[in-house]
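K.L.:
Here you go, one structure.
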Amino acid sequence: MNADDHSWMGEAIAEARKGVGFTAPNPAVGAVLVKNGRCVGRGFHAKAGTPHAEPNAIRDAGDKARGAEMYVTLEPCSTTGKTPPCTEAIQKAGIRRVVIGCMDPNPAHAGRGPLRLSEAGIEVTSDVRKEECEELIRGFARVQLTGLPYITLKLASTLDGRLADASGTSKWITGSSSRDRVQDLRREVDAILVGTETVKKDNPSLMPRPSQGHRPWRIIPDRTGRLPLKRKVFSDAHAKKTICLVGPSVGERRRSSLEKVGVRVLQVPERSGKIRWAPALKRLASQGIHHILCEGGGQLSASLLKADLVQEIHWIAAPKLLGVKGTPAVNAHWTLATAPQFALHQLDQVGEDTWMWLRAPR
């Protein structure tokens, strides 16, 4: 990889980021066209069913695309779906070289795009800034490889891992700067998941503030169908962006009440009075939800961690202590030998809080 390839792929990554949070069930992809050392076209995939990044960049370049180099964050598709294959568009445009960030994670497709381009006489360079490009599609990749969505767990607690004090008061544990940054997380995901108790006690809307055009799904587990229908997630202007997970015992009357206001109802399996999260999450992935932000609380966090379903944690620690009677951030226990383990990916000071971004070992 030369310096120019590194730099221009950075431009393609910046284009791809414009689509993050909007493209599911497709991945976020960006592309730029370069000719004689100058960018002549840019494009990104904006929404499923619309043109991909490559034809958007070609359209932006017009006649200047002929003889240009294309930098694209994900290998160009080689099959016809809702749109024609991008490999075909690249050939027709007369592009002489294609530089690819990472391969399609779907084993059935991986490498087919570069092969088609090479067979057409187009020079191909692969794996330029690979890790950064894979980061853009981690939710898509997880679904392709496992059928499960990518789960980001967000926990805001005191230094001793408490979500609330002994009386249940939790507003506000962390500072305003951390709360603003949480809104950035909400704008990057396909859906936000919270526990039943959070909906009962806090009555959150869960929508990003400001939305910047992004309205993620809100996933609400209500296994027995007892949550009040006046809660915001069921009654506000975005009720059609709520998915309610119910158990087999929830009757048609309750389901009908939810569906009348636009809420999508999914029946999920349960065991011993608890949702079976792996099959429930697979159902959500099949609905096109690839990246979920779970915002606690302690019981839900514990359930996902126990089932080994969490890929990353954003743990925001406020410089406070609440002691043993406070509500634990993770309501579970393990032995030291069996404790879930995560690696530190990034550590930041956000206002007065410490923000730890942790990743599960690959």
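K.L.:
Of 335, 87, which has the most accessible area with a 1.4 Å probe, and how do the rest follow in descending order?
P.N.:
335, 87
K.L.:
Using Cα springs under 10 Å in a Gaussian network model of the chain, which residue among 110, 302, 166 shows the largest mean-square fluctuation?
P.N.:
The residue that fluctuates most here is 166.
K.L.:
Only loop residues by DSSP count here, and only those with at most 16 other Cβ atoms within 10 Å; note down the chymotrypsin sites (Phe, Trp or Tyr not before Pro) in segment 266-362 that meet that.
P.N.:
Here the chymotrypsin sites (Phe, Trp or Tyr not before Pro) that fit, given the DSSP loop and packing criteria, are 334.
K.L.:
Per residue, how large is the accessible surface of segment 236-362? Use a 1.4 angstrom probe and give square angstrom.
P.N.:
On a per-residue basis, 53 Å².
K.L.:
So how far, in whole Å, is the C-alpha centre of segment 215-256 from the one of segment 8-50?
P.N.:
Segment 215-256 and segment 8-50 have Cα centres spaced 35 Å from each other.
K.L.:
Considering amide H positions built from the backbone, and no H for Pro or chain starts, which residues 5 or more places from residue 79, or on another chain, come under 5 Å of its amide H?
P.N.:
86
K.L.:
Per residue of segment 93-103, in order, report the coupling 6.51 cos²θ - 1.76 cosθ + 1.60 (Karplus, θ = phi - 60°) as ³J(HN,Hα) in whole Hz, putting x for Gly and Pro.
P.N.:
Calculated HN-Hα couplings, in order: 7, x, 6, 8, 8, 10, 10, 10, x, 8, 8 Hz.
K.L.:
In whole Hz, what ³J(HN,Hα) sequence does segment 315-331 give by Karplus (6.51, -1.76, 1.60; θ = phi - 60°), x for Gly and Pro?
P.N.:
9, 9, 9, 7, x, 9, 10, 10, x, 5, 8, x, 6, x, 5, 10, 8
K.L.:
Here's something else I'd like to know. How much length is gained on full extension from residue 166 to residue 123, taking 0.36 nm per residue of separation minus their Cα-Cα distance? The partial results should precede the final answer.
P.N.:
Numbers: separation 43, 0.36 × 43 = 15.48 nm, distance 6.44 nm.
Length difference between fully extended and current span is 9.0 nm.
K.L.:
Using a 10 Å cut-off on Cβ atoms, rank the peptides 149-155, 213-219 from the highest mean neighbour count down.
P.N.:
149-155, 213-219
K.L.:
While we're looking at this one, here's another question. Name the shape class, rounded, prolate or oblate, that the alpha-carbon gyration tensor gives for segment 1-138, where a ≥ b ≥ c are the square roots of its eigenvalues, rounded holds for a/c under 1.5, and otherwise prolate holds if a/b is larger than b/c and oblate otherwise.
P.N.:
Cα axes put segment 1-138 in the rounded bin.
K.L.:
Between residue 360 and residue 224, 0.36 nm times their residue separation minus their Cα-Cα distance comes to what?
P.N.:
45.8 nm
K.L.:
Right, here's the next one. Please express the Cα-Cα pair-distance distribution P(r) of segment 60-133 as a list of whole percents, one per 10 Å bin, running from 0 to the bin with the greatest distance.
P.N.:
Histogramming segment 60-133 at 10 Å steps yields 21, 54, 24, 1 percent.
K.L.:
Another question, if that's okay. Got a number for the accessible area of residue 70? Probe 1.4 Å, square angstrom, nearest 10.
P.N.:
Rounded to the nearest 10, that gives 0 Å².
K.L.:
Amide H neighbours of residue 218 under 5 Å, counting only residues 5+ apart in sequence or on other chains, H built in-plane at 1.01 Å?
P.N.:
Hits under the 5 Å cutoff: 192, 242, 243.
K.L.:
May I pose another question? Run the accessible area of the chain with a 1.4 Å probe and give the carbon-and-sulfur part as a rounded percent.
P.N.:
Ligands and nucleic acids excluded, carbon and sulfur reach 49 percent.
K.L.:
Please check: in the Gaussian network model of the chain (C-alpha springs, under 10 Å), which one of 312, 197, 135 has the largest mean-square fluctuation.
P.N.:
For the chain, modelled as a Gaussian network with Cα springs under 10 Å, the answer is 135.
K.L.:
Still on this structure, I have one more. Of the listed values (i) 21.1, 68; (ii) 22.5, 70; (iii) 22.2, 90, grab the one calculated as Rg and Dmax of the Cα atoms in Å from the structure here.
P.N.:
Read-out taken from this structure: (ii).
K.L.:
I would also like to ask the following. Assuming 0.36 nm per residue, please report the length gained on full extension of the stretch residue 6 to residue 185 beyond their Cα-Cα distance.
P.N.:
Between residue 6 and residue 185, full extension yields 61.8 nm more.
K.L.:
Continuing with this model, one more query. Enumerate the amide H contacts of residue 41 below 5 Å, restricted to partners 5 or more residues apart or on another chain; note that Pro and chain-start residues carry no placed amide H.
P.N.:
Sorted by chain and number, the residues that satisfy this are 33.
K.L.:
If you count only protein heavy atoms with a 1.4 Å probe, what accessible area per residue comes out for segment 83-122, rounded to a whole Å²?
P.N.:
Ligands and nucleic acids excluded, the result is 43 Å² per residue.
K.L.:
Net charge near residue 253, counting Lys/Arg +1 and Asp/Glu -1 over other residues with Cβ under 15 Å of its Cβ?
P.N.:
+1
K.L.:
Put 35, 274 in order of accessible area, largest first, 1.4 Å probe: what do you get?
P.N.:
Heavy-atom accessible area, descending, gives 274, 35.
K.L.:
Each residue of segment 207-224 in order: what ³J(HN,Hα) in whole Hz does its phi give by Karplus 6.51 cos²θ - 1.76 cosθ + 1.60, θ = phi - 60°, with x for Gly and Pro?
P.N.:
So the J values, rounded to whole Hz, are 7, x, 10, x, 6, 6, x, 9, 10, x, 5, 10, 9, 10, x, 9, 3, 9.
The values are calculated or read from the model by the stated rules, or taken from the named source; none is laboratory data. Just so it is clear, the structure is predicted and the values come from calculations on it, not from any experiment. Using ideal geometry, Cβ is built from the backbone for each residue, glycine included, and neighbour counts are taken over all protein chains shown. The protein model used for the area step is the full one, side chains on, heavy atoms only, and it has no ligands, DNA or RNA in it. Shrake-Rupley method; radii C 1.70, N 1.55, O 1.52, S 1.80 Å.
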